[in-house]
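What follows is one structure encoded as structure tokens, with my remarks underneath.
The values are calculated or read from the model by the stated rules, or taken from the named source; none is laboratory data. Please read these numbers as outputs of a predicted model, since none were measured by experiment. Here Cβ is always computed from backbone atoms with ideal geometry, including for glycine, and neighbour counts include all displayed protein chains.
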């Protein structure tokens, strides 16, 4: 295999048959190229979907209210259901053992915020300490709201990265005072959110403070919970379904809402959405793998076809070589050596082109549901080797047959 | 050099057997130049293929340079062909993507001769057939006579015991034929054993012995006065 003489012989053959070599190489290289791109897109979609769920806790269950759509027990439809602190306290009490994190939130959608001469309008939310984990936030500086802040109606604020860059322009924010709707708040922390800028254009303060400064009484806008995870995705989904059903029941009976009313009380489970998306994602990646494997098969078939043609085309040459004293094995080895050499070079060329394209294009792709399309290098290398080995096996049989034709038959071949 | 006894060969064509060689007894001594003649279908090419270890006899014995050629596997057959025999074909059978020099060097490659030495030797034989200036040309750039001379150089390159030529002038005009025959006669004069299959009388008379084949048997075997091809060219 490593004889210099045979390498020379092969290089000469390749040099003299550029078109044939090029076509063989092209089919292999394009097969690998397409596979790399496909796998990368599949991967990108997986990343993209995963990213959609990163902005909040994956198993977050949130409740918000609306207007009743049905009359019930003598009450007219069109009545607004207002969540109160009681609702939160009662639900937490009932489900205490199952809840991992829980927090109500009061919010105003846009609150004018100023610091010195900088100002902006942001979502202001009054929350409890657990909210950090429900929203999947991590602190860049300082601390989050704690229970003492809540109990003492502290005028403290945790601001998002976006707010921080808007107002503070990179200067120190911790301990500084910002004015929210005309009231001074002390900044105690800066957070980042995987959901990106939109999720970081928010300011958090203790729930109690927000209810007081915005004159909300004990009204709250949403409830958010997560359940303890069992580590088993399907079991978690099941548990959250049970929890949601009970929660809905409890809230509906408390607020005198008809069981069939779908608009007064809304409960959304990220887990259920996640399950749908993961199922979809799984199907998509299955599809891409299917297409990828078909591409590889097509590549192998292409290589075998070309090998058949090469062997057919060279039958007479084989006859001549045999008449001149070539042993059958040396003929098989020559053909295989050539084909393995070409598929290897072409396979890696396709791989490099595919990876190169991804390297260039991938950072430019910023579409929802596609993020960082990339391919596992090991997978790519393995597929190249599969193609090489399959090509060699596919080439072996025609080569073996050609090598064992009697020289006079091969010589007669025109 | 060559010794064959009671050689039989038949081919299967569909359901019938075609008995091509029906008991050939024949021997060639070293340095002889023999032509095998016969009409088409007389079995002369088959005989040459068997002599060239390109085909195998059904019955009988074939001894080449004291070695019994029988039931050889492909590997050993290839080795014997490489060491003992040089082939010259009617259709030249050069490898079309290799230069004249590389074609001549081919048997040496299969002998395991290193590249530099191979090129030297091949060049030497190309000079011998008068084509040193054409060494880098592809077969497609050569005339028929030149191609056959490259083929002769290739046949000589491995320094074989016997040269086997199957209608070496079949694809050439008379003038070129004579030039090629002159070359072959010169090689014979240097002591090489040569067998030529032909159906042309004048070519046959340029050898030293003519064997006539008809319907798979030898009907005559006689030595003749060799006509020098050089003399014929001037006629």
Inset, instruction - Please state which of the following conditions residue A:333 fails to meet, knowing it meets all the rest: (1) without any contact (Cβ under 8 Å) to a residue 24 or more places away in the chain; (2) in a helix (DSSP H, G or I); (3) closer than 17 Å to residue B:110 by Cβ. - result: (1)
Legend entry - Residue ID - modelled with the lowest pLDDT, chosen from residues in the stretch B:25-38 that are assigned to a strand (DSSP E or B) and surrounded by fewer than 20 Cβ atoms within 10 Å (Cβ to Cβ): B:26
Legend entry - Hey, residue B:77 crowded, with 20+ Cβ neighbours inside 10 Å and within 12 Å of chain A (Cβ to nearest Cβ) or not: yes
Inset, instruction - Taking residue A:90 as the residue in question, decide whether it is free of Cβ contacts under 8 Å to residues at least 40 places away in the same chain, under 30 Å from residue A:193 (Cβ atoms) and not assigned by TED's automatic domain parsing to the domain that holds residue A:365. - result: no
Legend entry - Those residues of the stretch A:2-24 which are surrounded by 15 or more Cβ atoms within 10 Å (Cβ to Cβ) and within 11 Å of chain B (Cβ to nearest Cβ), in sequence order: A:6, A:9, A:13, A:14, A:16, A:17, A:20
Legend entry - residue A:231 being closer than 23 Å to residue A:58 by Cα and part of a loop (DSSP other than H, G, I, E, B): yes
Inset, instruction - Determine which single condition residue B:138 fails, assuming it passes every other condition in (1) at the interface with another protein chain (Cβ under 10 Å from one of its Cβ atoms); (2) surrounded by fewer than 18 Cβ atoms within 10 Å (Cβ to Cβ); (3) touching a helix residue (DSSP H, G or I) at 6+ places or on another chain (Cβ under 7 Å). - result: (3)
Inset, instruction - Output the residues belonging to the stretch B:12-42 that are within 14 Å of chain A (Cβ to nearest Cβ) and under 24 Å from residue B:201 (Cβ atoms). - result: B:20
Legend entry - Selected residue (criterion: farthest from residue A:29 (Cα to Cα)) from residues of the stretch A:290-348 that are away from every other protein chain (no Cβ under 14 Å) and more than 46 Å from the chain's Cα centre (by Cα): A:312
Inset, instruction - Return yes or no: is residue A:273 outside any strand (DSSP E or B) and within 25 Å of the chain's Cα centre (by Cα)? - result: yes
Legend entry - Residue, nearest to residue B:100 (Cα to Cα), within the stretch B:152-177, restricted to residues that are in contact with a strand residue (DSSP E or B) (Cβ under 9 Å, 6 or more places away or on another chain) and in a helix (DSSP H, G or I): B:154
Inset, instruction - Give me a count of the residues in the stretch A:89-134 that are over 19 Å from residue A:226 (Cα atoms) and either in a helix (DSSP H, G or I) or out of contact with any helix residue (DSSP H, G or I) (no Cβ under 9 Å at 6 or more places or on another chain) (or both). - result: 7
Inset, instruction - Please work out which one of (1) within 14 Å of chain A (Cβ to nearest Cβ); (2) more than 30 Å from residue B:173 (Cβ to Cβ); (3) more than 17 Å from the chain's Cα centre (by Cα) is the condition residue B:60 fails and give its number. - result: (1)
Legend entry - Residue list for the stretch B:90-109, restricted to those being within 9 Å of chain A (Cβ to nearest Cβ) and surrounded by fewer than 21 Cβ atoms within 10 Å (Cβ to Cβ): B:91, B:95, B:96, B:97, B:98
Inset, instruction - Might you let me know whether the stretch A:277-298 holds any residue that is under 14 Å from residue A:339 (Cα atoms) and either surrounded by fewer than 16 Cβ atoms within 10 Å (Cβ to Cβ) or in the same structural domain as residue A:376 (by TED's automatic domain parsing) (or both)? - result: no
Inset, instruction - Might you let me know whether the stretch A:40-61 holds any residue that is over 20 Å from residue A:309 (Cβ atoms) and in a strand (DSSP E or B)? - result: yes
